[in-house]
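Each remark here refers to the structure printed beneath this line.
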Amino acid sequence: MSNGTIPSVGIEIPEITQVAFVVRDIEDGVDRFGSILGIGPWEVYRFEPPRLSETTYRGDPHDYSMILALSEVAGTMIGPLEGESIYTEHLEEHGEGLHHVACFAFEDTEAVVDRFVEAGVGVLQSGNFAGVPYWYFDTRSALNGVIFETATNLEAMPEPDETYSVA
């Protein structure tokens, strides 16, 4: 890929907050990462209405839901529940595996979102979970198949629906 096809967004990432994998089955995914890499415990969230709202997919309003498992080592498992989404696309096209990296440490997340859009990097999917807006950007062609995500107002994240520890 030549430099002419790589968008210049003009931001600096202060950290990688999250490395996310799409899986078909959350329990199986966290069991495998727990057994092999010792990752856990996992906080599990169901991203569904009414806590999930304002959802878009490929630029249009669209309903989808997912289950999310978070660990303290920046690991995330995502399993689609209902509706077409970038997660179901990934499973159909590539199977389970690395899906996106995220940074949630920007001082002005909305300005970062604007910079991506102005640079021609479109929003693949977005939504608002319990007061936490998030955006996934189509960085796949420039970042070897990996999507970039950001979110803001993470202080509003509710308590997890459950905590899962690998035995």
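The values are calculated or read from the model by the stated rules, or taken from the named source; none is laboratory data. The shown structure was predicted, so the numbers you read here are calculated from the model rather than taken from an experiment. A quick note on method: Cβ atoms are made from the backbone with ideal geometry, for glycine too, and the neighbour counts reach across all protein chains shown.
Looking at the structure I just gave you, is GLU96 touching a residue at least 24 places away in the same chain (Cβ under 8 Å), surrounded by 16 or more Cβ atoms within 10 Å (Cβ to Cβ), within 18 Å of ALA151 (Cα to Cα) and among the acidic types (Asp, Glu)? Judged against the criteria, GLU96 is not a match. Looking only at the stretch 91-109, residues that are part of a strand (DSSP E or B) and either more than 14 Å from the chain's Cα centre (by Cα) or among the aliphatic types (A, V, I, L, M) (or both) come to 3 in all.
Only one of the listed residues (GLY29, GLY10) is buried (at least 19 other Cβ atoms within 10 Å of the Cβ) and either under 25 Å from VAL132 (Cα atoms) or free of Cβ contacts under 8 Å to residues at least 24 places away in the same chain (or both). That residue is GLY29.
Residues in the stretch 1-43 that are assigned to a loop (DSSP other than H, G, I, E, B) and among the β-branched types (Val, Ile, Thr) were compared, and the one that is farthest from GLU149 (Cα to Cα) is ILE39. The set of residues in the stretch 34-57 being of a type outside the set (A, V, I, L, M), surrounded by fewer than 16 Cβ atoms within 10 Å (Cβ to Cβ) and at pLDDT below 95 consists of SER35, GLY38. For the stretch 120-134, check the following and say yes or no: at least one residue is surrounded by fewer than 14 Cβ atoms within 10 Å (Cβ to Cβ), outside any strand (DSSP E or B), free of Cβ contacts under 8 Å to residues at least 12 places away in the same chain and not basic (Lys, Arg). No, the stretch 120-134 contains no residue that is surrounded by fewer than 14 Cβ atoms within 10 Å (Cβ to Cβ), outside any strand (DSSP E or B), free of Cβ contacts under 8 Å to residues at least 12 places away in the same chain and not basic (Lys, Arg). With respect to being out of contact with any Gly (no Cβ under 6 Å at 6 or more places or on another chain), hydroxyl-bearing (Ser, Thr, Tyr) and farther than 14 Å from TYR136 by Cβ, THR5 fits the description.
Can you tell me which residue is surrounded by the fewest Cβ atoms within 10 Å (Cβ to Cβ) among those in the stretch 144-158 that are assigned to a loop (DSSP other than H, G, I, E, B) and in contact with a Phe, Trp or Tyr (Cβ under 9 Å, 6 or more places away or on another chain)? Among them, the one singled out is PRO158. For the stretch 41-50, the set of residues classified as touching a Pro at 6+ places or on another chain (Cβ under 7 Å) and closer than 13 Å to ALA130 by Cβ consists of TYR45 only. Might you check whether a residue that is farther than 21 Å from HIS62 by Cβ and either at pLDDT below 95 or part of a strand (DSSP E or B) (or both) occurs anywhere in the stretch 78-90? No: the stretch 78-90 contains no residue that is farther than 21 Å from HIS62 by Cβ and either at pLDDT below 95 or part of a strand (DSSP E or B) (or both).
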